[in-house]
Each structure stands twice: as C-alpha cells, then as structure tokens.
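First up is the structure itself, then whatever we jot down about it.
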Number of protein chains: 2
Amino acid sequence: MERVCFLLRVRPDRLDEYRAHHRAVWTEMTDALTATGWRNYSLFLADDGLLVGYLETDDFAASLAGMEDTDVNARWQALMAPFFALPDGERPDTGLVRLDEIFHLA
Amino acid sequence: MERVCFLLRVRPDRLDEYRAHHRAVWTEMTDALTATGWRNYSLFLADDGLLVGYLETDDFAASLAGMEDTDVNARWQALMAPFFALPDGERPDTGLVRLDEIFHLA
C-alpha cells in the first residue's frame, strides 16, 4: 500500500470558489476515484493557496492512469484548471508534485 | 475523528540529516505518540524543505498536549530544533501550521 502526499497551487484570489466546488464534488467523480483505487483521500488548503493531497492506494501510478481513462475526470479537470497556477498545458492531475514519505507510525 | 495536516520548514541544507533521524526515531518517542493518540502518522518532505505531516486522532489538541507533558518529547524536539526554520523561541511542535481539510473521500 502506498501513502501518497502531493502538492498543487490554487490561485489565492479563487480559494473560496475552489472550496465551494469541493463541498459538492460530483458523485460520478467520487465513484470513479473509488473505482480506480483512491482511498482515505483528503485535500487540505492553506491560506496562501498551497493545496496538499493525501491518499492511500495499492498503486498510485495505476490510480492516476485509471482516472486518466475516464470522461468524468477530463470534465472535472477542465472545470478545475482555471483555479490552479500551473505551467501552460499542464492539468491539475498531471502537474502535481509528489513528496517522499520519510516517516510513518501506524 | 480528526484528519490533521500540518506544515513545517526544514532547513534545505540539513535535509539528509533530518531524513536520517527519521529512519531511526526512538521507540520511546513512537510509544509516546501512540499513547497520546497519534495514528496513521506520516511525514513527507519536499526537496525545498517543506515538511508535511498527516495524522489521524480523536482530538488533536489533546494529542499535542499529551506529548507536551512527556519528557521524551522535550528531548526529541530539542534534538530537532536546529533542523527547522522557525521564529525564535518556537519549537517544531508549537510552530506548526495546520491546514483546513476541504475534501474527504473514504
């Protein structure tokens, strides 16, 4: 099992809208995440727009690739793209920075 | 149950030493964390020194206060203090920044 932590940057002037979207994530989207192995998945947001994702999965590469194959993910990422500070052409699900786990206590 | 995410800053010139300490955390320290309710606790480190903590607890304030009462925590935090970029007088366990959870999928 992998414990994954990743970072993204939300535009500081759009934090409220971004939070609002995440209080109402489409059921189709959460179903797709579950079907592709995303478990115990949380997003945490800092006041300056730093977004931290945490999840558990048997295989993160497979979970990312599984979502990549879904139409709902393409629609969700298109909706989210304007909220992120990302290089041109990157989507939130391809521009994330993964961090190394250096300690774990069960 | 609370899912907690917090940030700290490790000095970029001391990342390797910090990692090494966390491959050999004292059993007395992990026992104290468990006894004070820290569960599924991971630390993730970015190349620039950003440290992300994730844990689950029934009551984070109580878990922090519980560690505060232990001698082993005082010794561990004194050992760790030189690795952090913190305001004068702050310790790693008192200078952390907690982030809001804005989404969760079980």
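The values are calculated or read from the model by the stated rules, or taken from the named source; none is laboratory data. Keep in mind that this is a model prediction, so the values were computed, not measured. Positions of Cβ are generated from backbone atoms using ideal geometry, with glycine treated the same way; all protein chains shown enter the neighbour counts.
Tabulated values for the structure
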| quantity | calculated |
| --- | --- |
| Filter result for B:LEU51 (within 9 Å of chain A (Cβ to nearest Cβ), under 18 Å from B:PRO12 (Cα atoms) and either within 12 Å of the chain's Cα centre (by Cα) or modelled with pLDDT of 95 or more (or both)) | yes |
| Residues within region A:81-105 that are in contact (Cβ under 8 Å) with a residue 12 or more places away in the chain, under 13 Å from the mean Cα position of the chain (by Cα) and over 29 Å from B:TYR41 (Cβ atoms), tallied | 2 |
| Tally, over region B:7-28, of residues that are within 9 Å of chain A (Cβ to nearest Cβ), under 16 Å from B:TRP76 (Cβ atoms) and hydrophobic (A, V, I, L, M, F, W, C) | 1 |
| Residues that are loosely packed, with under 14 Cβ neighbours inside 10 Å, more than 26 Å from A:ASP31 (Cα to Cα) and away from every other protein chain (no Cβ under 14 Å), drawn from region A:64-106 | A:ALA85, A:PRO87, A:ASP88, A:GLY89 |
| Where A:LEU7 falls short, out of the listed (1) in contact (Cβ under 8 Å) with a residue 60 or more places away in the chain; (2) part of a helix (DSSP H, G or I) | (2) |
